[in-house]
1. Among the residues of segment 412-429, write down those that are among the polar types (S, T, N, Q) and within 32 Å of the chain's Cα centre (by Cα).
2. Could you check Ser177 against (1) surrounded by fewer than 18 Cβ atoms within 10 Å (Cβ to Cβ); (2) among the hydroxyl-bearing types (Ser, Thr, Tyr); (3) modelled with pLDDT under 95 and say which number it fails?
3. Between a residue in segment 515-537 that is more than 20 Å from Gly131 (Cβ to Cβ) and any residue that is surrounded by fewer than 17 Cβ atoms within 10 Å (Cβ to Cβ) and among the aromatic types (Phe, Trp, Tyr), which pairs come within a Cβ distance under 7 Å, given they are 6 or more apart or on different chains?
4. Among the residues that make up segment 349-357, is at least one of them more than 16 Å from Pro702 (Cβ to Cβ), in contact with an Asp or Glu (Cβ under 9 Å, 6 or more places away or on another chain) and surrounded by fewer than 24 Cβ atoms within 10 Å (Cβ to Cβ)?
5. When you look at Thr225, is it of a type in the set (Ser, Thr, Tyr), buried (at least 17 other Cβ atoms within 10 Å of the Cβ), assigned to a strand (DSSP E or B) and touching a residue at least 60 places away in the same chain (Cβ under 8 Å), yes or no?
6. Answer yes or no as to whether Ala704 is out of contact with any Phe, Trp or Tyr (no Cβ under 6 Å at 6 or more places or on another chain), aliphatic (A, V, I, L, M) and closer than 18 Å to Ala621 by Cα.
7. For segment 675-716, what are the residues that are among the small types (Gly, Ala, Ser), more than 30 Å from Ala651 (Cα to Cα) and in contact with a Leu (Cβ under 9 Å, 6 or more places away or on another chain)?
8. Limited to segment 343-399, what total is found for residues that are in contact with a Ser or Thr (Cβ under 9 Å, 6 or more places away or on another chain), of a type outside the set (Lys, Arg), part of a strand (DSSP E or B) and over 24 Å from Ala422 (Cα atoms)?
Amino acid sequence: MVRTGFRALLLASLPGLAAAQTTAAAETHTKTPSISAKTPKKTSAPLVGAAEAITVHTNRNTPHLARKVPLGALGNKSEFETPFSVSSISAARMEAMQANDINDVMRYEPGVQATSNGGSTASGSSVRVRGLNLDWTNGYKIDGMAIPFWYIDLPVANFDTIQVYKGASAFMYGFGSPGGVLDYRLKAPVENRKLTLEAGYRSDAVFRQMLDVGGSLDSAHRIQTRLSFGSEVGDQYNSSFVRNLSMSFTTNVRITDKLHWRFNSFYMNTLQKGMVNTVMTTPGLAVTPISGRAALGAPDSWKTNDLKRFSTGLDWDFARNWTASLTYAYTHLDERFPASQLYFTSSGGDYKSQAYEQLRILTYHQVDFTTQGHFDTGPLHHEIMVGMTWLRQNFDWDANVGAKLPFEYGNIYTDRPSLTSATNFHPRMYRYINYQQLAPFWSDTISWGQWSLMAGARYTAYSEDDFSKTGSTTGSHRNNPVTPVVSLSYRATPWLNAYFSWVQAVQAGGQAPQGTNNYGDVFSPIRSDQYELGVKVQRRTFSGTLALFRMDTGAAYTNAQNYYVQDGVSRYQGIEASASWLVTKDLNLNASLAYLDARYIKAAAGYAGHQLEAVAPFQAAFNADYRIPLVKGLSVNAGFNYVSRSWLDAANTVRMPSYIVGDVGAAYTTHVDAHTLTFRANVENIGNVRYWMSRGSYNIFPGAPRTITLSARLDL
């Protein structure tokens, strides 16, 4: 059973294709049916948005691309049949990687590039997808519902799966960056009793604990629950301190055989001390990469993030082959940051630093209603999804936000910044922006033999009101876009699916970032178009994906006068490929490649034709897992991630060097009575490589240094 389960984990470890599954030996999962080219049977459509209590019997040949994933307005579909690039990273895979943040989770994903390091700055870890930063306001979800993700890190201990949808996603989720969407799926209720305890260590002196408990509260399994708690406290490698506490609780109550009630909740409280807010470089200046151990923040600076989120809803199987779902979600983020920001003034580490402060409060209310089902009209099989989303987002900001004079000067190799606003923090709040969306949508997927045609559209009544510090209205935006989606798929064999898709996206206008002369200015919404041609393959011991794409969207950049502007058109086109091969019962190989040509097609003089800033044209990743036959329960793994050089600025005057980071790890699983005990050890950046990451606009972040992670996990 252990060998079978481990092999299933290896099959699920393909970057970009890993399916959600649990690791505890006591847990079981429903056997996934084989991929078939036949018309789907008339079974009840899966409940949308439900925190399902899944039971899985691990099968050594289960094709993980056949497992269902939630896709917003598209309902629940398997990755294999979805005409887009979708990746799901399971809790099992995150545990095997000893992932600490979203950068670790997406380490081997094609087309996903880390842009900041939450361990070195208090701005959190973040990624680009296909060259675009995700929308801080709408691009991040918990259980498919929007959350504010303004420079925070969500601990991975509370999530079953983290899914990334690459490319334009306006039809599926409404307004958002055309780069994609990251969806964190909370640990779902389970039917059978389970208890998992874990303790871990991360260098230099961060200690973490995790508790995961769940099961039915009654013998009829009508009330199923899951409680997860995570804690991380200690000193980090850059002379900073972190305390991160998180808790999630989910429950699913079967009121009748056809009606279910669910409640999901998540709470996170983070304290960071001695960390810098922003690191920037002077325009035109190339700074030599520094160690991630560099102390960039003033010792007395601090930051807190307090995130509260809950959702509740009903799922109703109201007719044969038809279900309806109603969900309400509330999210509140309180982010306080009296700290400092730093500007490099020479390539050798000279800097100027100044105090900085801000307080942000974002409150979301969202209601989703969907109904889905299927029926036949002659030889055609229809899968219908109809629904509506209402989303209200209130953004309150600090009228005293910004950097404070005077400057202090030093060199990062010999000095540490000391100026901070922590002892003089007096925020004055005002309503900054109100957003609202009301969006009905529909889709119909028509299947005929080996062909499948999907068509759908979302109409969004979008309103945005911007306010000054005095309370007066500075701008209002009213848009009513229709964002369509069309795709055609052909299943040449039961194991090969080819597709073409076209989709449009609309996103809220950008906001001028820190360090620009017009910091905080808000711009009008942007429309994007994306075309994608792809192939997905799933065999018993091999799986792979290949996607070619082109996306045109509005251009936004910091110009030579240090003003953030929204002007012209940017084009992102490229190719992504990933593959996983179970070479033997003990050896699994994974590889991914991504090439991206991202340029300003239309822009102001001096920018047209230039490559977009902080976007690496080429990425490659490889990792291998090997189970050592001579020692039962022992396995080793190793991998690397390569990112090519890129431009730091829109004018293409400063290069950021390429880098390659390697990781190694080992795991040993044994049994204590009937319980599973797993020890893990991982080393990230084994070569202690120094490198920069960037979100653009002259922001730079040092990559993590060599970091050791240890853990022990007991499944009872």
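The values are calculated or read from the model by the stated rules, or taken from the named source; none is laboratory data. A quick note: this is a predicted structure, and the numbers were derived from the prediction, not measured. Reconstructed Cβ throughout: ideal geometry from the backbone, glycine too, with neighbour counts over all protein chains shown.
1. Quick first cut of segment 412-429, residues among the polar types (S, T, N, Q) only: 414, 418, 420-421, 423-424.
Answer for segment 412-429, where residues must be among the polar types (S, T, N, Q) and within 32 Å of the chain's Cα centre (by Cα): Thr420, Ser421.
2. (1)
3. From segment 515-537, the pairs are Thr516/Tyr563; Asn517/Tyr563; Asn518/Tyr563.
4. Taking every residue of segment 349-357 in turn, at least one turns out to be more than 16 Å from Pro702 (Cβ to Cβ), in contact with an Asp or Glu (Cβ under 9 Å, 6 or more places away or on another chain) and surrounded by fewer than 24 Cβ atoms within 10 Å (Cβ to Cβ).
5. On the way: of a type in the set (Ser, Thr, Tyr): yes; buried (at least 17 other Cβ atoms within 10 Å of the Cβ): yes; assigned to a strand (DSSP E or B): yes; touching a residue at least 60 places away in the same chain (Cβ under 8 Å): no.
Spelling it out, it is not the case that Thr225 is of a type in the set (Ser, Thr, Tyr), buried (at least 17 other Cβ atoms within 10 Å of the Cβ), assigned to a strand (DSSP E or B) and touching a residue at least 60 places away in the same chain (Cβ under 8 Å).
6. Details: out of contact with any Phe, Trp or Tyr (no Cβ under 6 Å at 6 or more places or on another chain): yes; aliphatic (A, V, I, L, M): yes; closer than 18 Å to Ala621 by Cα: yes.
The answer is yes for Ala704.
7. Within segment 675-716, the first condition is being among the small types (Gly, Ala, Ser), and the residues that meet it are 681, 687, 694, 696-697, 703-704, 711-712.
Within this subset, residues satisfying the condition of being more than 30 Å from Ala651 (Cα to Cα) are 681, 687, 711-712.
If the condition is that a residue be among the small types (Gly, Ala, Ser), more than 30 Å from Ala651 (Cα to Cα) and in contact with a Leu (Cβ under 9 Å, 6 or more places away or on another chain), then Ala681, Ala712 are the ones that fit.
8. Number of matching residues: 25.
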